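The values are calculated or read from the model by the stated rules, or taken from the named source; none is laboratory data. Remember, predicted model here, so these are calculated numbers, not experimental data. Don't worry about glycine lacking a Cβ; one is built from the backbone with ideal geometry, like all the others, and counts go over all protein chains shown.
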Amino acid sequence: MSDRWSRLLGVLKAFSQGFRERAVDTIEKELSEMEGSFALLLYSSLVGLPSPPPLVGLSLLPYMEREISIMLAKSRHLDDIWALWADLADL
Amino acid sequence: MRRVFFLLGKGGVGKTTSAASLALNLSRKGFSVFWASIDPAHNLWDVLGMEEEGGVKRVEGRLWAQEVDLEAYIRRFLGETTQRMKELYRHLQILNLEGMLDVLRYSPGMEESALLFALKEILEVHGDKDYLVIDTPPTGLTLKIFSLPFSILLWIDQLKKWRERILDRRAVVRSIKGEKALGEGVACEKGEDSIYRELERQEREAGVMAELLRDGDRVANILVMNQDRLSFMESQRIKVFLERMEIPIHLILLNKFGLVRGREGVEEGRVRETFSPVPVRVLPFVEGALGKEELLLLGRDWVEELV
(Lines give C-alpha, C1' and ligand atoms only; values in the text may rest on other atoms or scores of the structure.)
Protein backbone atom coordinates (compact mmCIF):
# COMPACT_ATOMS: atom_id res chain seq x y z
CA MET A 1 0.00 0.00 0.00
CA SER A 2 2.66 2.43 1.06
CA ASP A 3 4.53 1.59 -2.15
CA ARG A 4 1.45 2.49 -4.19
CA TRP A 5 1.02 5.71 -2.26
CA SER A 6 4.63 6.70 -2.74
CA ARG A 7 4.35 5.91 -6.47
CA LEU A 8 1.19 8.04 -6.72
CA LEU A 9 2.93 10.79 -4.80
CA GLY A 10 5.84 10.56 -7.23
CA VAL A 11 3.48 10.87 -10.20
CA LEU A 12 1.74 13.85 -8.62
CA LYS A 13 5.09 15.48 -7.88
CA ALA A 14 6.16 14.94 -11.48
CA PHE A 15 2.90 16.52 -12.68
CA SER A 16 3.35 19.44 -10.32
CA GLN A 17 6.96 19.91 -11.45
CA GLY A 18 5.85 19.73 -15.08
CA PHE A 19 3.13 22.33 -14.56
CA ARG A 20 5.54 24.61 -12.72
CA GLU A 21 8.15 24.33 -15.45
CA ARG A 22 5.55 24.93 -18.13
CA ALA A 23 4.31 28.01 -16.26
CA VAL A 24 7.86 29.30 -15.80
CA ASP A 25 8.61 28.70 -19.49
CA THR A 26 5.70 30.97 -20.39
CA ILE A 27 6.82 33.62 -17.88
CA GLU A 28 10.39 33.42 -19.21
CA LYS A 29 9.18 33.96 -22.75
CA GLU A 30 7.01 36.86 -21.61
CA LEU A 31 9.99 38.27 -19.72
CA SER A 32 12.22 38.09 -22.75
CA GLU A 33 9.52 39.83 -24.86
CA MET A 34 9.21 42.55 -22.25
CA GLU A 35 12.97 43.08 -21.98
CA GLY A 36 13.31 43.29 -25.76
CA SER A 37 10.35 45.68 -25.96
CA PHE A 38 11.80 47.83 -23.20
CA ALA A 39 14.90 48.41 -25.35
CA LEU A 40 12.75 48.96 -28.42
CA LEU A 41 10.64 51.49 -26.52
CA LEU A 42 13.73 53.45 -25.50
CA TYR A 43 15.45 53.42 -28.87
CA SER A 44 12.38 53.26 -31.11
CA SER A 45 13.55 56.33 -33.05
CA LEU A 46 15.96 53.89 -34.74
CA VAL A 47 12.97 52.27 -36.43
CA GLY A 48 10.98 55.46 -36.93
CA LEU A 49 8.68 55.29 -33.90
CA PRO A 50 8.22 58.00 -31.26
CA SER A 51 10.85 57.68 -28.57
CA PRO A 52 11.50 59.28 -25.19
CA PRO A 53 13.65 62.44 -25.02
CA PRO A 54 17.32 61.59 -25.78
CA LEU A 55 18.27 62.63 -22.26
CA VAL A 56 16.40 59.58 -20.92
CA GLY A 57 17.56 57.12 -23.60
CA LEU A 58 21.19 58.14 -23.40
CA SER A 59 21.33 58.13 -19.60
CA LEU A 60 20.03 54.54 -19.60
CA LEU A 61 22.20 53.37 -22.49
CA PRO A 62 25.17 52.30 -20.33
CA TYR A 63 22.95 49.87 -18.36
CA MET A 64 20.99 48.43 -21.26
CA GLU A 65 23.36 45.67 -22.42
CA ARG A 66 21.06 42.73 -21.61
CA GLU A 67 17.92 44.36 -23.05
CA ILE A 68 19.67 45.49 -26.24
CA SER A 69 21.13 41.99 -26.76
CA ILE A 70 17.63 40.51 -26.44
CA MET A 71 16.18 43.11 -28.81
CA LEU A 72 18.89 42.42 -31.40
CA ALA A 73 18.48 38.64 -31.07
CA LYS A 74 14.76 39.04 -31.62
CA SER A 75 15.24 41.19 -34.69
CA ARG A 76 17.69 38.60 -36.08
CA HIS A 77 15.04 35.88 -35.77
CA LEU A 78 12.20 37.93 -37.18
CA ASP A 79 12.40 36.04 -40.48
CA ASP A 80 11.74 32.83 -38.54
CA ILE A 81 8.61 34.03 -36.82
CA TRP A 82 6.78 30.66 -37.31
CA ALA A 83 9.51 28.89 -35.40
CA LEU A 84 9.04 31.37 -32.58
CA TRP A 85 5.30 30.75 -32.52
CA ALA A 86 5.83 27.02 -32.63
CA ASP A 87 8.23 27.35 -29.72
CA LEU A 88 5.74 29.45 -27.77
CA ALA A 89 2.98 26.90 -28.39
CA ASP A 90 5.38 24.08 -27.51
CA LEU A 91 4.77 22.29 -30.80
CA MET B 1 18.49 82.68 -4.50
CA ARG B 2 15.46 84.97 -4.55
CA ARG B 3 14.22 84.46 -8.08
CA VAL B 4 14.98 83.29 -11.62
CA PHE B 5 13.83 85.49 -14.49
CA PHE B 6 13.24 83.96 -17.92
CA LEU B 7 12.90 86.37 -20.83
CA LEU B 8 10.78 84.81 -23.55
CA GLY B 9 9.53 85.96 -26.92
CA LYS B 10 9.82 85.91 -30.68
CA GLY B 11 13.25 86.38 -32.24
CA GLY B 12 14.33 90.04 -32.52
CA VAL B 13 11.79 91.54 -30.09
CA GLY B 14 14.52 92.69 -27.70
CA LYS B 15 14.86 89.86 -25.17
CA THR B 16 18.60 90.36 -24.74
CA THR B 17 18.26 94.14 -24.40
CA SER B 18 15.49 93.71 -21.81
CA ALA B 19 17.58 91.06 -19.99
CA ALA B 20 20.54 93.47 -19.96
CA SER B 21 18.36 96.23 -18.56
CA LEU B 22 16.96 93.92 -15.86
CA ALA B 23 20.39 92.51 -14.89
CA LEU B 24 22.04 95.95 -14.72
CA ASN B 25 19.21 97.48 -12.72
CA LEU B 26 19.21 94.61 -10.21
CA SER B 27 22.97 94.81 -9.86
CA ARG B 28 22.88 98.60 -9.31
CA LYS B 29 20.34 98.00 -6.53
CA GLY B 30 23.05 96.03 -4.76
CA PHE B 31 21.90 92.50 -5.56
CA SER B 32 24.23 89.79 -6.84
CA VAL B 33 23.09 88.79 -10.32
CA PHE B 34 24.02 86.07 -12.79
CA TRP B 35 22.89 86.74 -16.34
CA ALA B 36 23.10 83.85 -18.80
CA SER B 37 22.12 83.54 -22.40
CA ILE B 38 21.05 80.04 -23.43
CA ASP B 39 20.28 81.18 -26.98
CA PRO B 40 22.59 79.26 -29.36
CA ALA B 41 22.72 82.46 -31.47
CA HIS B 42 23.46 84.74 -28.51
CA ASN B 43 24.58 88.34 -28.57
CA LEU B 44 24.90 89.09 -24.86
CA TRP B 45 28.35 90.65 -25.15
CA ASP B 46 27.32 92.61 -28.26
CA VAL B 47 24.50 94.28 -26.31
CA LEU B 48 26.99 95.28 -23.62
CA GLY B 49 29.56 96.37 -26.19
CA MET B 50 32.12 93.98 -24.67
CA GLU B 51 34.53 91.52 -26.26
CA GLU B 52 33.05 88.04 -26.73
CA GLU B 53 34.53 85.57 -24.24
CA GLY B 54 33.98 81.99 -23.24
CA GLY B 55 32.94 81.20 -19.68
CA VAL B 56 31.75 83.45 -16.89
CA LYS B 57 32.84 87.08 -16.86
CA ARG B 58 32.20 89.90 -14.41
CA VAL B 59 30.33 92.74 -16.14
CA GLU B 60 30.48 95.16 -13.23
CA GLY B 61 30.11 95.12 -9.43
CA ARG B 62 28.06 92.07 -8.48
CA LEU B 63 26.90 91.25 -12.00
CA TRP B 64 28.33 88.21 -13.81
CA ALA B 65 27.39 87.02 -17.27
CA GLN B 66 27.88 84.02 -19.53
CA GLU B 67 26.95 82.96 -23.03
CA VAL B 68 26.24 79.24 -22.77
CA ASP B 69 28.29 77.23 -25.24
CA LEU B 70 25.71 74.73 -26.47
CA GLU B 71 28.25 72.62 -28.38
CA ALA B 72 30.39 72.24 -25.24
CA TYR B 73 27.38 71.05 -23.23
CA ILE B 74 26.41 68.50 -25.90
CA ARG B 75 30.01 67.23 -25.99
CA ARG B 76 30.11 66.98 -22.21
CA PHE B 77 26.76 65.24 -21.93
CA LEU B 78 27.64 62.70 -24.63
CA GLY B 79 31.19 62.37 -23.26
CA GLU B 80 29.90 61.39 -19.82
CA THR B 81 27.59 58.78 -21.36
CA THR B 82 30.32 57.23 -23.52
CA GLN B 83 32.68 57.16 -20.53
CA ARG B 84 30.11 55.23 -18.48
CA MET B 85 29.54 52.90 -21.43
CA LYS B 86 33.27 52.26 -21.69
CA GLU B 87 33.39 51.32 -18.01
CA LEU B 88 30.39 49.02 -18.17
CA TYR B 89 30.65 47.44 -21.64
CA ARG B 90 34.25 46.32 -21.23
CA HIS B 91 33.99 43.61 -23.86
CA LEU B 92 33.03 46.23 -26.45
CA GLN B 93 36.39 48.03 -26.35
CA ILE B 94 36.70 47.52 -30.06
CA LEU B 95 33.57 49.62 -30.64
CA ASN B 96 34.31 53.16 -31.77
CA LEU B 97 32.42 55.02 -29.06
CA GLU B 98 34.03 58.37 -29.92
CA GLY B 99 32.64 57.99 -33.44
CA MET B 100 29.16 57.64 -31.89
CA LEU B 101 29.40 61.18 -30.55
CA ASP B 102 29.37 62.64 -34.05
CA VAL B 103 26.22 60.72 -34.94
CA LEU B 104 24.39 61.31 -31.64
CA ARG B 105 25.17 65.02 -31.69
CA TYR B 106 22.72 65.44 -34.58
CA SER B 107 19.94 63.29 -33.08
CA PRO B 108 16.54 64.98 -32.87
CA GLY B 109 15.95 66.60 -29.50
CA MET B 110 19.62 66.76 -28.58
CA GLU B 111 19.71 70.57 -28.59
CA GLU B 112 16.95 71.06 -26.02
CA SER B 113 18.30 68.20 -23.89
CA ALA B 114 21.72 69.88 -23.76
CA LEU B 115 20.13 73.26 -22.95
CA LEU B 116 18.11 71.73 -20.12
CA PHE B 117 21.34 70.15 -18.86
CA ALA B 118 22.98 73.63 -19.07
CA LEU B 119 20.06 75.26 -17.27
CA LYS B 120 20.23 72.73 -14.44
CA GLU B 121 23.92 73.40 -14.03
CA ILE B 122 23.46 77.19 -14.03
CA LEU B 123 20.83 76.85 -11.28
CA GLU B 124 23.14 74.63 -9.21
CA VAL B 125 26.38 76.56 -9.68
CA HIS B 126 24.94 80.08 -9.44
CA GLY B 127 22.19 79.35 -6.93
CA ASP B 128 24.09 81.52 -4.41
CA LYS B 129 23.30 84.70 -6.38
CA ASP B 130 20.28 86.83 -5.45
CA TYR B 131 18.87 86.75 -8.96
CA LEU B 132 19.38 84.74 -12.14
CA VAL B 133 18.44 86.34 -15.44
CA ILE B 134 18.08 83.84 -18.28
CA ASP B 135 17.91 85.10 -21.83
CA THR B 136 16.22 82.36 -23.86
CA PRO B 137 16.31 81.33 -27.53
CA PRO B 138 13.37 82.31 -29.79
CA THR B 139 9.98 80.75 -29.02
CA GLY B 140 10.18 77.28 -30.62
CA LEU B 141 13.30 76.09 -28.84
CA THR B 142 12.39 77.73 -25.53
CA LEU B 143 9.00 76.05 -25.41
CA LYS B 144 10.66 72.72 -26.19
CA ILE B 145 13.09 73.27 -23.27
CA PHE B 146 10.20 74.24 -20.96
CA SER B 147 8.12 71.21 -21.94
CA LEU B 148 11.03 68.77 -21.75
CA PRO B 149 10.89 68.11 -17.96
CA PHE B 150 7.14 67.38 -18.23
CA SER B 151 7.63 65.10 -21.22
CA ILE B 152 10.48 63.30 -19.39
CA LEU B 153 8.18 62.77 -16.38
CA LEU B 154 5.44 61.28 -18.57
CA TRP B 155 7.86 58.87 -20.26
CA ILE B 156 9.54 57.89 -17.02
CA ASP B 157 6.21 57.13 -15.42
CA GLN B 158 5.47 54.60 -18.17
CA LEU B 159 9.03 53.22 -18.29
CA LYS B 160 9.03 52.65 -14.55
CA LYS B 161 5.78 50.68 -14.74
CA TRP B 162 7.22 48.60 -17.58
CA ARG B 163 10.41 48.03 -15.59
CA GLU B 164 8.49 46.97 -12.49
CA ARG B 165 6.69 44.30 -14.51
CA ILE B 166 10.04 43.04 -15.82
CA LEU B 167 11.47 42.88 -12.29
CA ASP B 168 8.37 41.05 -11.02
CA ARG B 169 8.71 38.36 -13.68
CA ARG B 170 12.42 38.03 -13.08
CA ALA B 171 11.73 37.45 -9.39
CA VAL B 172 9.20 34.70 -10.23
CA VAL B 173 11.64 32.93 -12.57
CA ARG B 174 14.44 33.16 -10.03
CA SER B 175 12.30 31.91 -7.15
CA ILE B 176 11.30 28.79 -9.12
CA LYS B 177 14.42 28.03 -11.12
CA GLY B 178 17.04 29.18 -8.66
CA GLU B 179 19.70 31.89 -8.41
CA LYS B 180 21.51 31.02 -11.62
CA ALA B 181 18.44 30.96 -13.87
CA LEU B 182 18.77 34.52 -15.12
CA GLY B 183 22.54 34.76 -15.23
CA GLU B 184 24.91 36.71 -13.06
CA GLY B 185 24.26 40.30 -12.04
CA VAL B 186 20.66 40.37 -13.27
CA ALA B 187 18.62 42.38 -10.77
CA CYS B 188 15.16 41.43 -9.55
CA GLU B 189 14.65 44.23 -7.02
CA LYS B 190 14.09 47.92 -7.75
CA GLY B 191 16.91 48.94 -5.43
CA GLU B 192 19.44 46.64 -7.16
CA ASP B 193 18.42 47.48 -10.72
CA SER B 194 20.69 50.16 -12.28
CA ILE B 195 18.03 50.99 -14.88
CA TYR B 196 15.32 51.54 -12.28
CA ARG B 197 17.69 53.61 -10.15
CA GLU B 198 18.66 55.74 -13.18
CA LEU B 199 14.97 56.23 -14.03
CA GLU B 200 14.36 57.41 -10.47
CA ARG B 201 17.33 59.80 -10.68
CA GLN B 202 16.04 61.26 -13.96
CA GLU B 203 12.57 61.54 -12.45
CA ARG B 204 13.91 63.46 -9.45
CA GLU B 205 15.86 65.89 -11.65
CA ALA B 206 13.02 66.46 -14.10
CA GLY B 207 10.63 66.84 -11.15
CA VAL B 208 12.77 69.59 -9.62
CA MET B 209 12.80 71.50 -12.94
CA ALA B 210 9.07 71.03 -13.56
CA GLU B 211 8.26 72.19 -10.04
CA LEU B 212 10.56 75.20 -10.38
CA LEU B 213 9.04 76.28 -13.70
CA ARG B 214 5.56 76.24 -12.17
CA ASP B 215 6.58 78.05 -9.01
CA GLY B 216 5.57 81.69 -9.50
CA ASP B 217 7.42 82.72 -6.32
CA ARG B 218 10.80 81.39 -7.42
CA VAL B 219 10.48 81.93 -11.18
CA ALA B 220 9.16 84.93 -13.09
CA ASN B 221 8.59 84.61 -16.81
CA ILE B 222 8.79 87.89 -18.67
CA LEU B 223 7.26 87.82 -22.13
CA VAL B 224 8.83 90.40 -24.45
CA MET B 225 6.87 91.42 -27.54
CA ASN B 226 6.60 94.20 -30.09
CA GLN B 227 3.58 95.94 -31.52
CA ASP B 228 3.70 94.16 -34.86
CA ARG B 229 1.02 91.61 -35.68
CA LEU B 230 3.36 88.60 -35.97
CA SER B 231 5.01 89.24 -32.63
CA PHE B 232 1.58 89.71 -31.02
CA MET B 233 0.26 86.45 -32.49
CA GLU B 234 3.32 84.48 -31.47
CA SER B 235 3.09 85.89 -27.93
CA GLN B 236 -0.52 84.69 -27.76
CA ARG B 237 0.66 81.20 -28.70
CA ILE B 238 3.33 81.33 -26.00
CA LYS B 239 0.63 82.30 -23.48
CA VAL B 240 -1.61 79.40 -24.50
CA PHE B 241 1.31 76.93 -24.43
CA LEU B 242 2.48 78.06 -20.98
CA GLU B 243 -1.07 78.04 -19.61
CA ARG B 244 -1.45 74.44 -20.78
CA MET B 245 1.66 73.53 -18.80
CA GLU B 246 0.47 75.63 -15.83
CA ILE B 247 3.52 77.89 -16.09
CA PRO B 248 2.59 81.46 -15.15
CA ILE B 249 3.64 84.63 -17.03
CA HIS B 250 4.65 87.37 -14.64
CA LEU B 251 5.02 90.42 -16.85
CA ILE B 252 4.61 91.53 -20.48
CA LEU B 253 7.11 93.99 -21.91
CA LEU B 254 5.72 95.77 -24.95
CA ASN B 255 9.10 96.71 -26.36
CA LYS B 256 10.07 99.08 -29.21
CA PHE B 257 6.73 100.81 -28.70
CA GLY B 258 5.97 103.32 -31.42
CA LEU B 259 8.17 101.68 -34.06
CA VAL B 260 5.26 100.09 -35.93
CA ARG B 261 2.49 102.41 -37.02
CA GLY B 262 -0.75 102.05 -38.96
CA ARG B 263 -2.66 98.87 -39.62
CA GLU B 264 0.33 96.55 -38.99
CA GLY B 265 0.55 97.71 -35.40
CA VAL B 266 -1.43 96.28 -32.48
CA GLU B 267 -2.90 98.81 -30.05
CA GLU B 268 -1.64 98.85 -26.47
CA GLY B 269 -5.21 98.39 -25.21
CA ARG B 270 -5.62 95.18 -27.19
CA VAL B 271 -2.37 93.81 -25.75
CA ARG B 272 -3.52 94.61 -22.20
CA GLU B 273 -6.92 93.06 -22.83
CA THR B 274 -5.46 89.89 -24.40
CA PHE B 275 -2.95 89.22 -21.64
CA SER B 276 -5.05 90.40 -18.68
CA PRO B 277 -4.53 89.99 -15.70
CA VAL B 278 -0.77 89.92 -16.47
CA PRO B 279 0.60 93.47 -16.17
CA VAL B 280 1.90 95.11 -19.38
CA ARG B 281 4.76 97.62 -19.32
CA VAL B 282 5.52 99.76 -22.36
CA LEU B 283 9.14 100.38 -23.40
CA PRO B 284 9.55 103.07 -26.05
CA PHE B 285 11.54 102.45 -29.22
CA VAL B 286 15.06 103.86 -28.92
CA GLU B 287 17.12 104.14 -32.07
CA GLY B 288 20.68 102.83 -32.27
CA ALA B 289 22.80 100.80 -29.87
CA LEU B 290 22.16 101.40 -26.18
CA GLY B 291 24.91 102.12 -23.68
CA LYS B 292 24.78 100.98 -20.05
CA GLU B 293 23.09 104.17 -18.88
CA GLU B 294 20.34 103.91 -21.51
CA LEU B 295 19.85 100.24 -20.61
CA LEU B 296 19.44 101.24 -16.97
CA LEU B 297 16.92 103.89 -17.93
CA LEU B 298 14.94 101.37 -20.00
CA GLY B 299 14.23 99.21 -16.96
CA ARG B 300 13.82 101.96 -14.39
CA ASP B 301 10.04 101.62 -14.00
CA TRP B 302 9.36 97.89 -14.27
CA VAL B 303 12.39 96.35 -12.55
CA GLU B 304 11.29 97.95 -9.30
CA GLU B 305 8.09 95.87 -9.39
CA LEU B 306 10.01 92.62 -9.68
CA VAL B 307 12.17 92.81 -6.55
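Can you report the number of residues in segment B:224-278 which are surrounded by fewer than 16 Cβ atoms within 10 Å (Cβ to Cβ), among the acidic types (Asp, Glu) and either within 24 Å of B:LEU141 (Cβ to Cβ) or within 22 Å of the chain's Cα centre (by Cα) (or both)? Residues meeting the conditions: 2. Here B:ARG237, B:ARG214, B:ARG229, B:ARG263 are screened, and the one residue that is without any contact (Cβ under 8 Å) to a residue 12 or more places away in the chain and either out of contact with any strand residue (DSSP E or B) (no Cβ under 6 Å at 6 or more places or on another chain) or over 19 Å from B:LYS10 (Cβ atoms) (or both) is B:ARG263. On the given criteria, is A:SER51 modelled with pLDDT under 90, over 25 Å from B:ASP168 (Cα atoms), within 13 Å of chain B (Cβ to nearest Cβ) and over 22 Å from the mean Cα position of the chain (by Cα)? In short, no.
Among the residues of segment B:159-182, those identified as within 44 Å of the chain's Cα centre (by Cα) and within 8 Å of chain A (Cβ to nearest Cβ) are B:LEU159, B:TRP162, B:ARG163, B:ARG165, B:ILE166, B:ARG169, B:ARG170, B:VAL172. Filter segment B:101-141 down to the residues that are at pLDDT 90 or above, assigned to a loop (DSSP other than H, G, I, E, B) and either within 11 Å of chain A (Cβ to nearest Cβ) or over 13 Å from the mean Cα position of the chain (by Cα) (or both) and list them by number. Selection gives B:HIS126, B:GLY127, B:ASP128, B:LYS129, B:ASP130.
Just a yes or no: is a residue in segment B:66-81 in contact (Cβ under 8 Å) with a residue 24 or more places away in the chain, charged (D, E, K, R) and closer than 17 Å to B:LYS292 by Cα? No, because not a single residue in segment B:66-81 is in contact (Cβ under 8 Å) with a residue 24 or more places away in the chain, charged (D, E, K, R) and closer than 17 Å to B:LYS292 by Cα.
Filtering B:ALA23, B:ALA72, B:ALA36, B:ALA65 for residues that are under 29 Å from B:THR139 (Cβ atoms), in contact with a Lys or Arg (Cβ under 8 Å, 6 or more places away or on another chain) and modelled with pLDDT of 85 or more leaves a single hit, B:ALA65. Just one of the listed residues (A:PHE38, A:PHE15) is at negative phi, surrounded by 11 or more Cβ atoms within 10 Å (Cβ to Cβ) and among the aromatic types (Phe, Trp, Tyr), and it is A:PHE38. Kindly indicate whether B:GLU87 is modelled with pLDDT under 90, within 12 Å of another protein chain (Cβ to nearest Cβ) and farther than 23 Å from A:SER44 by Cβ. So B:GLU87 fits the description; yes.
Among the residues here, A:LEU31 does not qualify as farther than 23 Å from B:ARG174 by Cα and either surrounded by 10 or more Cβ atoms within 10 Å (Cβ to Cβ) or modelled with pLDDT of 85 or more (or both). Just one of the numbered conditions (1) under 17 Å from B:ARG165 (Cβ atoms); (2) more than 14 Å from chain B (Cβ to nearest Cβ) is not true of A:ILE70: (2). Summed over segment A:1-37, residues that are acidic (Asp, Glu) and away from every other protein chain (no Cβ under 14 Å) total 1. Among the residues here, A:SER45 does not qualify as surrounded by fewer than 19 Cβ atoms within 10 Å (Cβ to Cβ), within 10 Å of chain B (Cβ to nearest Cβ) and at pLDDT 90 or above.
Given B:LEU132, B:LEU154, which one is without any contact (Cβ under 8 Å) to a residue 12 or more places away in the chain and of a type outside the set (Gly, Ala, Ser)? Give the steps one after another, and end with the answer.
Details: B:LEU132 fails: without any contact (Cβ under 8 Å) to a residue 12 or more places away in the chain.
Within the list B:LEU132, B:LEU154, the selection yields B:LEU154.
Selection over segment B:1-34 of residues that are over 27 Å from B:LEU259 (Cα atoms), touching a residue at least 60 places away in the same chain (Cβ under 8 Å) and among the polar types (S, T, N, Q) gives a count of 1.
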